[in-house]
Amino acid sequence: MEALKQSNPGIVVVWKHKALVDDVYYSNMEVFERVFWTFGPCVEGFKHCMSVICIDGTHLYGKFKGTLLVATGVDANFQVFPLAFALVEGENISSWSWFLGCIRVHVTQRDGLCVISDRHAGIIAVMNDPNVGFTEPRAYHRFYVRHLASNLKTHVRRNDMRDMFKVAAYQRQERKLVADMSLIGQACTKAIQYIVQVPLPMWSLFHDVGRRYGICTTNFSETFNNVLKGARFLPIMSLVEFTFHRVNKYFTDRRELSQTRSEQGLAYSPKVTSIMEKNIAKARYHKVEAYNRRLHIYQVETKRGDRIGRKGGHRHTVNFQLRTCTCNKPRIFHLPCSHVLAVCVKYSISERPWVDRVLQSEAYANTYAPQFSQDRTILGATD
Ligand SMILES: [Zn+2]
């Protein structure tokens, strides 16, 4: 039995009650089983975020001994964007299926979503269940690299394998990935056997083809500290209300900053601006050769700069029509690499078309523009 409470358009709370208690049906009694909740501004704001959802579960040890499931997006500043919450009895196929199903109904129907999670069997089963709405091409499943690396470390009892795996996962070029995998294989057969059973697109940035925007780690602790710290011991209704206040504050804190940047005509979020500055600094050491100016294809040579440890001496081909570079960074991160920026600087071409719309100031401002309604009467009501 499910009850949707939506008398206030700003808050969606879905209660699930048990029909049977110890196999007995009580017509006059409803026993709490699960609750899902999200807020209107989160649903609205998410439309301006990248198509990425991170999901996590954490145990609660307070009055409600269950598990809190949290879904977050990522904003234009690469910070956590609170999306939806649920209290469930624990992590299993049924609870994850219910949570992700609620997200499809109440949060987003967007296709091509990238869902990043740990390797919980319940999540894997649900991502492969066409009835829930997260099978390809509606959604693509990816794993947290750090989580997988730590599983590998436990499996082979070697810290160096964890570190080598992480390096391989972050490689953007196939030849480098292949070389890293070969090193792992030579060093530890058990490690490579473990890695090859996980499909490549789920952990390798090169094979991901840009769906995860380079996001490989969970920012769950960030969400937890910002939105949920101190909430573990609250009773259920107070927890819903608590998150309302904290998410509201989270929006307020970012609304002004993001709107000011947009009004000042600053093109990108602070994080994107700093990435671009670093890439422009690197671009100073590159040598640009017009390869085919008519087709807008350029060859860029990375020179050995003054900086210690700078490798350099590589050649990359930038194609402005296809918006690609052979370093693969533009495709994976949706931002221009230093090679692209070197061409932009030399020929006074704008780099802006290379920056994904969801990473620009306007999207950042739109993400936090939705306002929270102050009428929260729903919170007092239980079904
Ligand atoms: Zn490049």
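The values are calculated or read from the model by the stated rules, or taken from the named source; none is laboratory data. This is a predicted model, so every value here is computed, not measured. Please note: Cβ atoms are built from the backbone with ideal geometry, for glycine as well, and neighbour counts cover all protein chains shown. Quick note on the areas: whole protein, heavy atoms, side chains included, nothing else; ligands and nucleic acids left out. Shrake-Rupley method; radii C 1.70, N 1.55, O 1.52, S 1.80 Å.
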Student exercise, the chain dipole from Lys, Arg, Asp, Glu Cβ charges, in Debye to nearest 20: 2060 debye
Degrees between helix 338-347 axis and first principal axis of the chain (Cα, 0 to 90, nearest 10): 60 degrees
Label-point gap, in nm, between R104 and V178 - each point 7 angstrom along Cα→Cβ: 3.8 nm
Karplus-derived HN-Hα couplings along segment 82-95 (A = 6.51, B = -1.76, C = 1.60, θ = phi - 60°), whole Hz, x at Gly and Pro: x, 10, 7, 9, 7, 9, 9, 6, x, 8, 8, 4, 5, 6
Two-decimal log10 I(q)/I(0) for the chain, as the Debye equation yields it once each C-alpha is a single scatterer, q = 0.08, 0.10, 0.12 Å⁻¹: -0.49, -0.74, -1.01
Among E89, E362, E263, residue whose mean-square fluctuation peaks in a GNM of the chain (springs only between Cα atoms under 10 Å): E263
Share of carbon and sulfur in the accessible heavy-atom surface of the chain [1.4 Å probe, %]: 51 percent
Choice from S182, S94, S204 with maximal GNM fluctuation in the chain (Cα, 10 Å cutoff): S182
For the chain, calculated [θ]222 nm from helices alone, where every DSSP H run of n ≥ 4 adds -39500 (n - 2.57): -11500 deg cm²/dmol
Lysines whose Cα lies under 22 Å from that of K278, excluding same-chain neighbours fewer than 8 positions away: K287, K303, K311, K329, K346
Angle in degrees between helix 145-156 and the longest Cα principal axis of the chain, rounded to the nearest 10: 90 degrees
Furthest towards positive pole of dipole, W354, F242, C216, structure part the chain, Cβ charges: W354
Listed residue (Y144, A290, F165) projecting farthest to the positive dipole end of the chain, Cβ model: A290
Residue among P270, P336, P235 with the largest mean-square fluctuation in a Gaussian network model of the chain, springs linking Cα atoms under 10 Å: P235
With Cα atoms, 0 to 90° folded angle of helix 236-263 axis to the chain main axis: 30 degrees
Accessible area per residue, Å², the chain with all protein chains present, probe 1.4 Å: 47 Å²
Charge tally in the Cβ shell below 10 Å around M50, where Lys, Arg are +1 and Asp, Glu are -1, M50 excluded: +1
Sites excluded, chymotrypsin sites (Phe, Trp or Tyr not before Pro) in DSSP loops with at most 16 other C-beta within 10 Å, longest stretch of the chain: 62-232
